[in-house]
Amino acid sequence: MSMSPDAGLGGQSLSNLRAVVTGAAGGIGAAICRQLILQGALVHGLDRDAAGLERAVREYGAARFVPLVVDLADRAHTDKTLVDLLTVLEGRCDILVNNAGVSRLRSLEGSDDALLDWIFAVNFHAGFRITRALLPALRSSGRGSIVNIASELGLVGHAGYSVYCATKGAVLAWTRALAVELSGERIRVNAVCPGPVDTALLQEEFSSDGKPQEARAAEIAMVPLKRLGVAQDIAPVVAFLASEAASFVTGAAWVVDGGKTAR
């Protein structure tokens, strides 16, 4: 597929920059990869969905998208993949997007230790460990940008999502701390907090009580803009934060939720 660089939000090209995106195969992650590639970046995409990564290679071409299959809940597998990733990056990473995330609608009593460990492993621990491993490569960039995908539920509470809310709150607190810690190294760190985005994960949650249409309508009713978000609502914001147009932005949490948390 032929794709030409697009200046995108903020008028900034990402031409020849090297990006790493986790959770790259579907939903918000796929949209982020597409946006970064359209603006000129070479994207290294991590996901456990091998078929989804292969589709991305066919869409963008092997010269623009490098797939790495990894289960981020598996620490040993993640460590092995990081060795491969550092090899292909050749010592430089300009953009890191910690996007991978999982969720389950569970009450407190229904949240056993296995669920707790799994959601924290993917939503927080994986991003922490990947960022730590890539820090030398981000330093080599001279203009490194880290964008962590948090959630509106890192800012407000929601029944049945106590574990998920806790992980996204951790992502936001970590983002602020890391922004201060890395400020002297020309590495910016920001977060994006999507609201309800119409992805397969959200559809699965709508179906959890057997009344998906009612759940969907109830969610839309809570959004002042009266619609669900789509993945392409999130991707340009991520690309902007990754670009030099946002060179004075660090430690921020950009809420993209149709006004839901402003109520």
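At-a-glance table
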read-out	value
Computed E for ALA51/ASP71 - FRET, C-beta separation, R0 22 angstrom, nearest 0.05	0.95
Under-5 Å amide H pairs with VAL20, H placed in peptide plane, nonlocal only	HIS44, ILE95, LEU96, VAL97
Efficiency of FRET between VAL180 and SER140 - r from beta-carbon atoms, R0 30 angstrom, step 0.05	0.90
Neighbour net charge for VAL156 - beta-carbon separation under 13 angstrom, K R +1, D E -1	+1
Cβ charges +1 (Lys, Arg) and -1 (Asp, Glu), total dipole of the chain, debye	620 debye
Computed E for ILE220/VAL156 - FRET, C-beta separation, R0 25 angstrom, nearest 0.05	0.90
Spin-label zone in the range 78-111 - amide nitrogen under 12 Å from a point set 7 Å from the Cα of ALA252 along the C-beta vector	none
Degrees separating the helix 75-89 axis from the principal Cα axis of the chain, which is the longest one	30 degrees
Fully extended contour minus Cα-Cα distance, from VAL88 to ALA262, at 0.36 nm per residue	58.4 nm
Theoretical gain in end-to-end length, LYS80 to ARG129 [0.36 nm per residue, Cα-Cα removed]	16.4 nm
Full-stretch length increase - GLN213, GLU59 - with 0.36 nm per residue and alpha-carbon distance subtracted	52.2 nm
Three semi-axes of the equivalent ellipsoid, the chain, Cα gyration tensor, whole Å, largest first	28, 20, 19
Helix-only [θ]222 nm of the chain, DSSP H runs n ≥ 4, -39500 (n - 2.57) each, per residue, nearest 500	-13000 deg cm²/dmol
Listed residue (SER103, ALA179, GLY259) projecting farthest to the positive dipole end of the chain, Cβ model	ALA179
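No value in this document is a laboratory result; all are computed from the given coordinates. Predicted model only: the values in this text are computed from it and were never measured. Using ideal geometry, Cβ is built from the backbone for each residue, glycine included, and neighbour counts are taken over all protein chains shown.
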